[in-house]
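Contents: one structure, followed by commentary.
The values are calculated or read from the model by the stated rules, or taken from the named source; none is laboratory data. What you are looking at is a predicted structure, and each value in this text was computed from that prediction instead of being measured. So basically every Cβ, Gly included, is an ideal-geometry build from the backbone, and we count neighbours across all protein chains shown.
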Amino acid sequence: MNKKEDIRIKRSKYELNAALYKLLKEKSFSKITVIDICETANINRMTFYNHYQDKYDLFNESILNGFRLLREEYDKRTKHLDIHKDVYECLSILAEIFVEFVYNNVPVLNHILERNEDNLASFMFNRALDESFSNVILDAGFNDSMNPPISLVIAFFAGGSSSLFEYWINHKDSISKEEFLSYIKRAIKAVIDTNILKKI
């Protein structure tokens, strides 16, 4: 593949991802079609199917790219910290990044997570959230030789985080971003101060 062709492919994929994001601000994922995406991106369907199997394939790439950017931001802001020694600081930064992400993408997340939405889209988003949380913990050196198993801890906190953010999205008018973040940080501190995981 020559450089010019590679740039063209990257450009097409960028336009398709941007089109999907734009459409998700306006309507539910279940109501978005490949034709909608192509028309919004001004790209023909043949080009779309050269890169993606269907809209779910594009959606999966979009959310993985989004969480990758969040991870890069986390790594940049915690590079001077050691998660084993600075647990509260690291988890607080992670919370800040996710709260900011949710705050800036409420319309999109509403159209992914709403109760009558496409269950597969919601599942794919929550899976990406779970994997993002897992990567932070596992890359820090925690593993399943711990008691309780770290995979169980990750599942517990990732699932709880998903429900927590969904609750906030549905009550965003009564709970400010700053207030919501303060609740999460207090919860993080309570878990660390009580050392509850070692009591399980």
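Residue by residue through the stretch 37-52, note down the ones that are buried (at least 18 other Cβ atoms within 10 Å of the Cβ) and in contact (Cβ under 8 Å) with a residue 24 or more places away in the chain.
A41, I43, F48, Y52
Quick one: what pairs do we get from the stretch 121-147, first residue within 21 Å of D82 (Cβ to Cβ) and of a type in the set (V, I, T), second surrounded by 15 or more Cβ atoms within 10 Å (Cβ to Cβ) and modelled with pLDDT of 75 or more, C-beta under 7 Å, 6+ apart or different chains?
Cβ pairs passing all conditions: V136/Y74; V136/L94.
Is it the case that some residue within the stretch 16-28 is acidic (D, E) and surrounded by 12 or more Cβ atoms within 10 Å (Cβ to Cβ)?
Yes, there is a match, as at least one residue in the stretch 16-28 is acidic (D, E) and surrounded by 12 or more Cβ atoms within 10 Å (Cβ to Cβ).
Which helices (runs of 4 or more DSSP H) does the stretch 1-110 wholly contain that include 3 or more residues that are at pLDDT 90 or above and more than 19 Å from the chain's Cα centre (by Cα)?
It comes to 3-24, 34-41, 45-51.
Which ones in the stretch 111-129 are among the charged types (D, E, K, R), modelled with pLDDT under 80 and either surrounded by fewer than 19 Cβ atoms within 10 Å (Cβ to Cβ) or closer than 13 Å to L64 by Cβ (or both)?
E114, R115, E117
Checking H111 against (1) touching a Ser or Thr at 6+ places or on another chain (Cβ under 7 Å); (2) over 17 Å from K31 (Cα atoms), which single condition isn't satisfied?
(2)
State yes or no: is R68 among the basic types (K, R) and more than 25 Å from P107 (Cα to Cα)?
Considered against the rule, which asks whether it is among the basic types (K, R) and more than 25 Å from P107 (Cα to Cα), R68 comes out as no.
The rows are residues; the columns are (1) at pLDDT 80 or above; (2) charged (D, E, K, R); (3) out of contact with any helix residue (DSSP H, G or I) (no Cβ under 6 Å at 6 or more places or on another chain); (4) under 23 Å from R71 (Cα atoms).
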residue: L138; (1), (2), (3), (4): no, no, yes, yes
residue: G141; (1), (2), (3), (4): no, no, yes, yes
residue: A158; (1), (2), (3), (4): no, no, no, yes
residue: H171; (1), (2), (3), (4): yes, no, yes, no
residue: L181; (1), (2), (3), (4): yes, no, no, yes
residue: K185; (1), (2), (3), (4): yes, yes, no, yes
residue: N195; (1), (2), (3), (4): no, no, yes, no
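From the list L64, L58, L69, which residue is in contact with a His (Cβ under 9 Å, 6 or more places away or on another chain) and either among the β-branched types (V, I, T) or under 24 Å from K22 (Cβ atoms) (or both)?
Result: L58 is the single residue among L64, L58, L69 that is in contact with a His (Cβ under 9 Å, 6 or more places away or on another chain) and either among the β-branched types (V, I, T) or under 24 Å from K22 (Cβ atoms) (or both).
Looking for whichever is free of Cβ contacts under 8 Å to residues at least 60 places away in the same chain and among the aliphatic types (A, V, I, L, M) here; the options are L94, L70. Which one fits?
After applying the criteria, what remains is L94.
I need the full set of residues from the stretch 65-86 which are more than 14 Å from F133 (Cβ to Cβ) and either of a type in the set (A, V, I, L, M, F, W, C) or touching a Pro at 6+ places or on another chain (Cβ under 6 Å) (or both), in order please.
L69, L81
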